[in-house]
Amino acid sequence: MRRLYIALFLLVCSGVFGEGRGAESYSRKDAMANAHITENVVTGAGYDIVPGTGKQFQSFQKIVVTGSEFDSLISRAALQTGLDSTLIRALIKVESNFNPRALSPKGAKGLMQLMPALARYYGVKEPFDPVANIMAGSSYLKALQDRFVTLDKTLAAYKTSPSQVEELGDAPPFAETQKYITRVKWYYQNYYKSLNLVNLKGVHEAFDQACSAFEKGDFRRSAYLFGLVLNKYPASSETNYNLALVEEKRGKLTESVNLYRQALRYDPYCMEACYNLAILYERLSLLDETLLTLKSCLQCELSPVSQRQIRFYMQELRQLQKKTQ
């Protein structure tokens, strides 16, 4: 029936290779042998040029949100359907990453990625409307839960189709489906443990203002505000990723690398951080690190097209690695 495709990732990978960057990066090591990387070299500061590979890959360029703006809608849907609100939130995270305008290549729309036939069945006229989308998606999820009982079967039916689960008597063994189930369950458990990382109580306004400053190109203010959020919630994966993106745009590549790694420490399924970190490593000619990070990206639930693009990327890098040895 339906397949989950990460539309944004397809856009990221669609261009694959471009022209060389034309800009150089620089690195130096301090007395403790810690590497420092920058694109804004200071003359006489002891930096060495890091040669680029000449490849240019498109990275994720948009900030990510926690989804807190949908709290009331999720709570309402949970109350009306009898579902656990944390489960609804986890499924939305995996399906659309809280993007109400998400559209998959197969035509699934909105926060809970409703296929056209399913939207019509639940009387949804505008699938991109968060209210209608969450209510319909939650109702469908509840119907599947009542039918299949176990969480694995319920999620598999939402991912693939109820008939396929019924025919097999269990969740399909396909890698894509199994990764999907694992990912939703991880967020389900993680939200139970740390829902404060969604609400960011006390600093949610600073987070919103930081996002707004980023969109306006005021990266200095954005970095300052995201820093305030991290001071209170250092385990916020979204904030670590967003600040990494801001610092990368400011040319502070050492800080960016560390922040992307922190984002992945707190959320191993943060595709944006994983892919951007791989590209950053590649720009710095750290090919071993690039390949390892791309291998981690492959562990995420991806479409076959995205998997092929990453594997092609890795193949090109291995060839480049052989030439430079």
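Bear in mind these aren't lab numbers, they're just calculated from the coordinates by the rules spelled out. In this text, all values refer to a predicted model and were calculated from it rather than measured experimentally. Cβ coordinates were reconstructed from backbone atoms using ideal geometry, including for glycine residues, and neighbour counts include every protein chain displayed.
Okay, here's what the table says:
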item	result
85, 306 arranged by Cβ crowding within 10 Å, fewest neighbours leading	85, 306
Under 21 Å from residue 216, Cα to Cα: lysines that are on another chain or at least 8 residues apart	62, 249, 252
Size descriptor, Kirkwood hydrodynamic radius, that averages inverse alpha-carbon separations across the stretch 68-198, Å	14.7 Å
Length added when fully stretched, residue 254-residue 194, from 0.36 nm per residue minus Cα-Cα	18.8 nm
Efficiency of FRET between residue 232 and residue 76 - r from beta-carbon atoms, R0 25 angstrom, step 0.05	0.30
Two-site FRET efficiency, residue 178 against residue 205, from Cβ-Cβ distance with R₀ of 56 Å, rounded to 0.05	0.90
Nitroxide proxy distance, nm - points 7 Å out along Cα→Cβ at residue 305 and residue 292	3.2 nm
Trypsin sites (Lys or Arg not before Pro) within the stretch 148-205: DSSP coil, no more than 14 neighbouring Cβ in 10 Å	201
Sparse-neighbourhood loop sites, chymotrypsin sites (Phe, Trp or Tyr not before Pro) in the stretch 160-198 - DSSP loop, at most 15 other Cβ within 10 angstrom	174
